[in-house]
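Trainee: For reference, the structure I am asking about is given below.
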Amino acid sequence: PPCESTTHSAMSRPEHVAPPEIFYNDSEAKKYARNSRMMEIQERLTERALELLHLPDDGVPKLLLDIGCGSGMSGETLTAHGHEWFGTDISAAMLEVARDDREVEGDLAHSDMGQGLPLRQAMFDGAISTS
């Protein structure tokens, strides 16, 4: 059998180690959402994601899916660009920050994208994931 890397466990995703509530609890969600460095990074990443989508510049708002939307930082950039968005995240605490503290304009769903979303195909004009 192939040799397992000793760094594999160090590189595991948090959700593979414990439930999201352990890593994305109320306290951590609020800290993340107030971090100015994270805000700047999320804005730059979202700007780049929009460039890569090559959406038509026809003045018509697009409906975009924000996978792993967290506290809604990326969604705020989508809104600033005139788009509508639907965000999904595995962390209820992060979504609570998006909804209650940041009062984002997108629709939000608590969901594990590894399990998919019960939505019809071709519902969105594009999708981003910047986390």
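The values are calculated or read from the model by the stated rules, or taken from the named source; none is laboratory data. Since the structure is predicted, the reported quantities are computational estimates derived from the model, not experimental observations. Positions of Cβ are generated from backbone atoms using ideal geometry, with glycine treated the same way; all protein chains shown enter the neighbour counts. With ligands, DNA and RNA removed, areas are computed over all heavy atoms of the protein, side chains included. Shrake-Rupley method; radii C 1.70, N 1.55, O 1.52, S 1.80 Å.
Trainee: Under a 5 Å amide H to amide H cut-off, with H placed in plane at 1.01 Å, what residues pair with W85 once short-range neighbours are removed?
Mentor: Amide H to amide H, under 5 Å and 5 or more residues apart or across chains, W85 pairs with L64, D107.
Trainee: Now a separate question. What part of the accessible area of the chain, given as a whole %, is carbon or sulfur when the probe is 1.4 angstrom? Spell out each step's value before the answer.
Mentor: On the way: 4440 of 8630 Å².
Percent of accessible area from carbon and sulfur atoms in the chain: 51.
Trainee: Which value, in Å³ per residue, describes the convex hull spanned by the Cα atoms of segment 29-131? Working shown, then result.
Mentor: Numbers: hull volume 9.5 nm³, N = 103.
Hull volume over Cα atoms, normalised by residue count, gives 92 Å³.
Trainee: Given a cut-off of under 8 Å on Cα pairs at least six residues apart, what relative contact order in percent is computed for the chain?
Mentor: It comes to 28 percent, rounded to a whole number.
Trainee: So how tilted is helix 36-53 from the main axis of the chain? Cα-based, degrees 0 to 90, rounded to 10.
Mentor: 60 degrees
Trainee: At a probe radius of 1.4 Å, what is the per-residue accessible area of D26, in Å² to the nearest 10?
Mentor: Roll a 1.4 Å probe over it and D26 shows about 90 Å².
Trainee: Give the whole-number value, in cubic angstrom per residue, of the convex hull volume spanned by the C-alpha atoms of segment 84-131.
Mentor: Values: hull volume 4.2 nm³, N = 48.
Value for segment 84-131: 87 Å³ per residue.
Trainee: Under the rule that an exposed site lies in a DSSP loop and has at most 15 other Cβ atoms within 10 Å, name the longest stretch of the chain with no GluC sites (Glu not before Pro) of that kind, not counting the sites themselves.
Mentor: Excluding the exposed sites themselves, the longest stretch runs over 5-102.
Trainee: Given points 7 Å out from each Cα along the Cα-Cβ axis, report the K30 to L52 separation in nanometres with one decimal.
Mentor: In this crude spin-label approximation the distance works out to 3.3 nm.
Trainee: Give me the extension gain from Q121 to H16: residue separation times 0.36 nm, minus the current Cα-Cα distance, reported in nm with one decimal.
Mentor: Result: 35.0 nm gained on full extension.
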